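This report concerns only the one structure given below.
The values are calculated or read from the model by the stated rules, or taken from the named source; none is laboratory data. Not measured: the values here are computed from a predicted model. Virtual Cβ from ideal backbone geometry, glycine too; neighbours counted across all protein chains shown. The area values use the complete protein model at the heavy-atom level, side chains included, leaving out ligands, DNA and RNA. Shrake-Rupley method; radii C 1.70, N 1.55, O 1.52, S 1.80 Å.
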Amino acid sequence: MSKAKQAAGNGVSYADAGVDISAGNALVEAIKPLAKSTRRKGADSALGGFGGLFDLKACGFKDPVLVAANDGVGTKLRIAIETGRHHGVGIDLVAMSVNDLVVQGAEPLFFLDYYATGKLDVKAAAEVIAGIADGCKQAGCALIGGETAEMPGMYHGGDYDLAGFAVGAAERKQLLPRKDVKPGDVILGLASSGPHSNGYSLVRKLVEMSGVAYSDTSPFDRKKKLADALLTPTRIYVKPVLKAIRATGAIKALAHITGGGFIENIPRVLPKATVAEIDLDQVPYAPVFDWLQGVGGVAEREMLRTFNCGIGMIVVVAAKDAKRVAASLKKSGESVVTLGTIRKRKGGEEQVALSGTLSVK
């Protein structure tokens with residue numbers, strides 16, 4: 001290219017490299033009302049600054065400890081991208097982080113997202129962020145900022161990836177798990193809405209093996225297309241659990257059941273000298289899991305290590321408090337089951353002892 005042509009303003013532009021700044025600006029304008037809809041005490045600033053602002057003092061904490069979490073949605077995004085259903089994965093993104101905050105007794109305060117793509121589709125991105133705003137409202141936290149990156153060469157076409165970052169706070173003396181988890185305590189389980197956002201590489205493989213298309217009627221829910229059934233958003237437990245923590249003062253520990261299932265997540269909140277005894281006969285094994293297991297002949301233990309299998313949150317309480325904690329959670333709309341108890345650990349045994357069998361009730 002001649003110097004004269006460059007001087008005339010006809011040189012190579014950022015758009016020629018595949019990045020559309022105007023599309024990015026259009027997205028920011030589209031999502032400003034969505035972010036505004038999530039405002040809460042402590043978060044009053046509009047989008048557009050170099051950083052999001054939050055006034056912790058305005059929340060009324062006396063001796064706060066900040067708690068932070070980040071996560072993504074994983075290959076569940078592949079189904080969303082292939083079927084053009086983007087809203088639910090925005091909720092998933094929020095859920096995976098805020099559910100991790102509440103298990104430590106923390107109230108989610110604010111959230112930031114990162115959206116990376118090869119070619120920015122403003123409509124699809126706005127749909128994702130509408131889902132993020134929805135999730136923030138369910139969790140009671142503010143969407144105070146984020147980042148959109150258009151990276152041709154890193155991602156193919158309209159493919160995108162998501163990351164979310166949540167910050168919450170808890171009074172120092174109310175952090176969980178408490179140190180008094182002991183033998184005799186009762187384990188309650190809160191029902192999940194499905195696979196949530198874990199195990200979708202296996203889900204996708206099993207769907208492929210089944211020969212059922214995402215556009216077909218779901219074999220386990222005849223009222224939905226398979227894509228819609230598998231894209232059911234992760235349940236956000238924040239408000240019911242925080243209410244129960246504050247109303248009863250009796251919750252000793254919580255465990256968010258994500259990848260690794262009961263076997264790997266419950267021990268994270270138990271004293272080393274204890275074991276959680278779980279009765280699988282009490283698990284509300286949803287039809288989606290039964291179908292997936294049947295398609296691939298997946299072993300029960302593999303199901304339990306990959307999926308939540310119907311329980312998205314574990315609650316540990318003293319036996320005398322189990323009924324009133326369960327009543328508080330049920331009043332807030334949660335489906336609660338009694339899964340088992342805590343007992344003394346023997347030798348080097350695993351910290352989760354399973355009995356019974358997974359089955360659709």
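Excluding ligands, DNA and RNA, what is the solvent-accessible area per residue of the chain at a probe of 1.4 Å, expressed in Å²?
Values: 16640 Å² over 361 residues.
That works out to 46 Å² for each residue.
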Legend entry - For a label point 7 Å along the Cα-to-beta-carbon line of residue 212, residues of segment 225-265 with backbone N under 19 Å: 225-234
Legend entry - Karplus-derived 3J(HN,Hα), 6.51/-1.76/1.60, for each residue of segment 337-353, Hz, glycine and proline x: 10, 8, 9, x, 9, 9, 9, 6, 7, 10, x, x, 5, 4, 8, 10, 9
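If Lys and Arg each add +1 and Asp and Glu each add -1, what is the summed charge of the other residues whose beta carbon sits under 14 Å from the beta carbon of residue 346? Walk me through the intermediate numbers first.
Details: positive: 272, 343, 344, 345; negative: 277, 349, 350.
Result for the local shell: +1.
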Legend entry - Per-residue HN-Hα couplings for segment 132-141 [Karplus 6.51, -1.76, 1.60; θ = phi - 60°; Hz; x = Gly/Pro]: 4, 4, 4, x, 4, 5, 5, 8, x, 10
Inset, instruction - Multiply the residue gap between residue 17 and residue 360 by 0.36 nm, knock off their C-alpha separation, and tell me the result in nm, one decimal place. - result: 118.2 nm
Legend entry - Vicinal HN-Hα couplings computed from phi for segment 76-84 (Karplus, 6.51 cos²θ - 1.76 cosθ + 1.60; Hz; Gly/Pro x): 4, 4, 4, 5, 4, 5, 5, 10, x
Legend entry - Radius 14 Å from Cβ of residue 144, net charge of other residues (Lys, Arg +1; Asp, Glu -1): +2
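Report the full-extension gain for the segment residue 29 to residue 62: residue separation times 0.36 nm, less the Cα-Cα distance, to one decimal in nm. Numbers along the way, then the final one.
Numbers: separation 33, 0.36 × 33 = 11.88 nm, distance 3.69 nm.
In short, 8.2 nm is gained.
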Legend entry - Cα shape, segment 284-361, gyration tensor, a/c 1.5 rule: oblate
Inset, instruction - Search the structure for amide H atoms under 5 Å from the amide H of residue 103, placed 1.01 Å from N in the peptide plane, and list their residues when 5 or more places away or on another chain. - result: none
Inset, instruction - Compare the peptides 277-283, 54-60, 175-181 by average per-residue count of other Cβ atoms within 10 angstrom and give them in order, highest first. - result: 277-283, 175-181, 54-60
Legend entry - In nm, spacing of pseudo-spin labels at residue 44 and residue 154 (7 Å Cα→C-beta vector): 3.6
Inset, instruction - Would you tell me the accessible area of residue 37, worked out with a 1.4 angstrom probe on the heavy atoms of the protein chains, in Å² to the nearest 10? - result: 60
Inset, instruction - Classify the chain as rounded, prolate or oblate, taking a ≥ b ≥ c as the square roots of the eigenvalues of its Cα gyration tensor: rounded when a/c is under 1.5, otherwise prolate if a/b is larger than b/c and oblate if not. - result: oblate
Legend entry - Shape metrics for segment 126-185, restricted to C-alpha atoms - Rg then Dmax, Å: 18.6, 56
Legend entry - Amide H contacts under 5 Å for residue 146, placed H, 5+ residues apart: 113
Legend entry - Protein-only accessible surface order, largest first, of 338, 117, 217, 248 at 1.4 Å: 338, 217, 248, 117
Legend entry - Between segment 60-104 and segment 191-220, the alpha-carbon center distance in angstrom: 20
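What part of the accessible area of segment 140-281, given as a whole %, is carbon or sulfur when the probe is 1.4 angstrom?
Details: 3080 of 6100 Å².
Answer for segment 140-281: carbon and sulfur cover 51 percent of the accessible area.
Which entries in 36/123; 32/123; 223/323; 62/243 show an alpha-carbon gap greater than 23 Å?
Values: 36/123 19 Å; 32/123 14 Å; 223/323 35 Å; 62/243 19 Å.
Listed pairs above 23 Å: 223/323.
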Legend entry - R0 of 45 Å, Cβ-Cβ distance residue 331-residue 301: FRET efficiency to nearest 0.05: 0.80
Legend entry - Cα gyration tensor category, rounded, prolate or oblate, for segment 169-275 with a/c compared to 1.5: prolate
Legend entry - Contact order normalised by residue count of segment 163-265, Cα under 8 Å, 6+ apart, percent: 33
Inset, instruction - Might you work out the accessible area of residue 61 for me, using a 1.4 Å probe with all protein chains in place, and round it to the nearest 10 Å²? - result: 50
Inset, instruction - Express in whole angstrom the spacing between the alpha-carbon centres of segment 231-309 and segment 342-361. - result: 13
Legend entry - Restraint check, 41/239; 179/330; 179/344, Cα-Cα greater than 19 Å: 179/330
